[in-house]
Every structure is written in C-alpha cells, then in structure tokens.
Amino acid sequence: MINNRSVKNQFRLFLVSALALYTEVVLIRWMAAEIRMFAYLKNFTLLACFLGLGLGMIRRGGARTEKFLGALVATIILVLAFSPQLHLTRLFFPDTGVYQWGGNLRSPQFLPAARALPLLGMLLRHVSDSVVPWVLGFFALIVGFALFCLVLAIFYRIGILVGDCLDAEGSPLNAYTLNLAGSLAGTLMFAGLVVFSLPPWVWVLPVCLSGWSIFLLGECTTQ
C-alpha cells in the first residue's frame, strides 16, 4: 500500500533539491550578466550559495520559511532586473584589468563617468581625483556585501527546507538519491533554457512555480 505522506515527502525533497541547484546556476549566470563586477567574481555568488545551504541544513527544524523565501527571491529579482537603473551594472572594481566606465581604472572616461552618477556623483564632485577610486571602492564593498548577504539568506531558507525533507525521508540512501536526482534535474532545466537562448524573465518562472508548489505541498513530516 502506498503511503501518501511518504510520496509527498519524496516529491517535496526532489522539488526542493531541484530548486536549490536551479536557483544557484540562475543567480551565478544572471548576476554576472547584469553586474559586470560579478563576471570576474563568479565564485562570490557560489560561496554565498554554498554557505547559505550549509547553514540552513544545519539549522533546519520544521519552521515554515516559504513566505520569507518568496520575499527574498523577489528582492534579488528586482535588484537584477533594474540594475542599470540602480547604476549597479558598472559597479566599481579596483583593478586596471577590469573594463568599465567605457574603459578601465586608467581610462580618461573614468572620472567624468563616476562624477556623472546621480546621488553618489554629487559627493564625488567635491573630492579630489585621487580620492574618487577609494569612495567608489567603498561603495562597491557595501553593495557587494549586501548582495552576498541577500544570496546567503535565500539559500539559508532553501537549506532549511532541504534539511527538513532529508530528515523526514527516513532512509538516508533514498534521501540522498532524491536529493541528487533533483539537483541534476534543476541543472539540466537551466541548461535547456540556455540552449534556446531564453531571456532572464523566463529563467525566474521555474523558481516561482517550484516555490509555489513547495508551499502548497506543506511541510515535510516524519513518517
């Protein structure tokens, strides 16, 4: 006789695992495309994902986190979708080998472009040329740290869901198999979207749909 609770737990574990890996590869690719600095620092996003998942799986405990997860995912989507308007696309990175501002740190366009920024540019107009890179670097450090914490918080919530589902499955071998299968499915799904050159707004649809499905399935419960 089929145990409906067991089937629901297994499907939820598969879905959460797919969501974790799919969201990870989406953010790594999308952040690098929208915020040029992260094209050179892809491990930045990867580290935040792994750290968040690990901390969440250690924390676990059955607390419902889907509402918080939805709000965090919506925030990162809005930040990336409006990164040009927020002037994050060319976020300063203090390396002469990284091209931005129409050139790099030694480019003649660097200072005029920096001082033309809204809000921050008003401050830069009143400081010397030698101080401008330091101000921009400090601003980039703050923004980068905030984005790191946002990605970490997203995967912390996902990690809690994964940890709860792994505990509820009972059999470690079955749990690991479903986790691995879901992770592979999430990775292959993103690869398929990339093959067809679909835009980022399509990438986020599976995240929203899987998140909503996880919410409807309810919590994983011990058999």
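Every read-out reported here was derived from the displayed coordinates using simple, explicitly stated rules and does not represent laboratory data. Owing to the predicted nature of the structure, the values given are computational and were not obtained by experimental measurement. Positions of Cβ are backbone-derived with ideal geometry, glycine not excepted, and every protein chain shown enters the neighbour counts.
Rounded to the nearest Hz, the phi-derived 3J(HN,Hα) couplings of region 139-146 under the Karplus curve 6.51 cos²θ - 1.76 cosθ + 1.60 (θ = phi - 60°) are 4, 5, 5, 5, 5, x, 5, 4, where x marks glycine and proline. For region 131-216, the list of chymotrypsin sites (Phe, Trp or Tyr not before Pro) that fall in a loop by DSSP and count at most 15 other C-beta atoms within 10 angstrom reads F196. Between R59 and F82, the C-beta separation translates, for a Förster distance of 25 Å, into a calculated FRET efficiency of about 0.20. Between W201 and C149, full extension at 0.36 nm per residue minus the direct alpha carbon distance yields a gain of 16.4 nm. For region 147-154, 3J(HN,Hα) computed residue by residue from phi via the Karplus equation (6.51, -1.76, 1.60; θ = phi - 60°) reads 5, 4, 5, 5, 5, 4, 5, 4 Hz, glycine and proline entered as x.
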